[in-house]
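Below you'll find the structure, written out as structure tokens, and then a few comments.
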Amino acid sequence: MKRYDKRSRRDREDLDSRLNALGASSGRGSSTRGSSTRGSSTRNRKRNPRKKKSNIGPAVVGLLLVVAVLGIIYLIVSSATGGGGEVAGEESGESVQIEVVQGDTLSSVADKLEAEGVIGSSFFFTLQARMGGEGSGIRPGQYAFAADEGNDEIMTKLTEGEAVPTFAVTVPEGLTLEETASAVAENGEISAGEFEEAANRTDYGYAFLEDGAINDTEGFLFPKSYEFEEGTTADQIVNRLLEQYLLETENVDFAAASEELNLTEYELLTVASLIEREAANEAEKPIIASVIYNRIRAEMPLQIDATIQYARGEQKENLSLPDLEVDSPYNTYQNTGLPPGPIASPSLSSIEAAVNPDETDFVYYVITPDGGEHFFTDNYDEFLVAKEEAGLGGA
């Protein structure tokens, strides 16, 4: 089996130049013949007005021109593809998955098919489809192609929308591992228990999970909307979410932040999870990051309510004094420093805030009465006044 290679570009250019040259030549020839024919036709009408002009000559020339063009195309394509049109992967017998998204053209889909080895040449596939009047009705979707499918079968599947059945999963920002399992289970394909079992493992081959402090994938299940094929396992879903974390954080400079803040990537992710659960809006995320770091430097307990909720395993709008006494390493009222790990899966903006905090002197913040933002201060008395105004009490 031959794959479409670098010769294809040269062959395309050769084909274009030959067709252009042939078109220019035929254009000059037809123009000359047209002038001559009109001239003789005028003379013939004068000599014998009843005699009709014959169309046999131009028809034969046109037919020969078409045959010549097709011959050139066939020779060039055959040279480039070794016959073209054969489906790759026949020996392995494995099916190949291709995703067609809104806005894909025939050429872009053909390139995807070639890249995955479904077809030998995107050029030949596109040419064949266009000559057959196809390719304008390709439908978006996830497609599976068997090794024995030819170009016609592939085009039929793409235009008739015979996509692989899929199911959607949406993971909002700030969900815990357990909450993520429930979100995944909503589609009915994977149970919450299956997902939790898979998410409680760390043997997925990612370097960011190799920290000895990590016991599960809490915090790494990146929030996003996903689409999976029917039959996808819990392990595969977890792996996809971990892969998305890797992709999303590719340009995050964890190394520089680790050196400057003396924290590991896992600890920075923990900070990001606190920011995600505490911030009232995007703009204040770097400020909240600065408060967290300022309190750690001052050896003050973080006193973040979201960690108490995580420790208790339930969400409460208002925490009571007994709630604040929960016996857990995640209790940031009783323990100084960071909790043992993330308390949720943070968004990219929260991760970036943890890595690039604002420089402030703030060590206190309290939600404003309208709930749209926080009031920040480094003065304890101002903090107490703000708490009173927010209806949270003065103690």
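Overview of values
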{"item": "Qualifying helices (runs of 4 or more DSSP H) (wholly inside region 294-395; at least 2 residues being surrounded by fewer than 16 Cβ atoms within 10 Å (Cβ to Cβ))", "result": "380-389"}
{"item": "Condition broken by Phe208, with the remaining ones in (1) of a type in the set (A, V, I, L, M, F, W, C); (2) touching a residue at least 60 places away in the same chain (Cβ under 8 Å); (3) closer than 29 Å to Leu302 by Cβ; (4) surrounded by 13 or more Cβ atoms within 10 Å (Cβ to Cβ) satisfied", "result": "(2)"}
{"item": "Those residues of region 156-177 which are part of a helix (DSSP H, G or I) and touching a strand residue (DSSP E or B) at 6+ places or on another chain (Cβ under 9 Å), in sequence order", "result": "Lys157, Leu158"}
{"item": "Pick from region 188-205, criterion out of contact with any helix residue (DSSP H, G or I) (no Cβ under 6 Å at 6 or more places or on another chain) and not small (Gly, Ala, Ser), ranking: nearest to Glu243 (Cα to Cα)", "result": "Asp203"}
{"item": "Selection status of Ser273, buried (at least 22 other Cβ atoms within 10 Å of the Cβ) and part of a helix (DSSP H, G or I)", "result": "yes"}
{"item": "Within region 77-131, tally of residues that are closer than 18 Å to Gln142 by Cβ, modelled with pLDDT under 85 and among the polar types (S, T, N, Q)", "result": "3"}
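The values are calculated or read from the model by the stated rules, or taken from the named source; none is laboratory data. Everything quoted here is computed from the prediction, not taken from an experiment. Note that each Cβ is placed from the backbone with ideal geometry, even for glycine, and that neighbours are counted across all protein chains shown.
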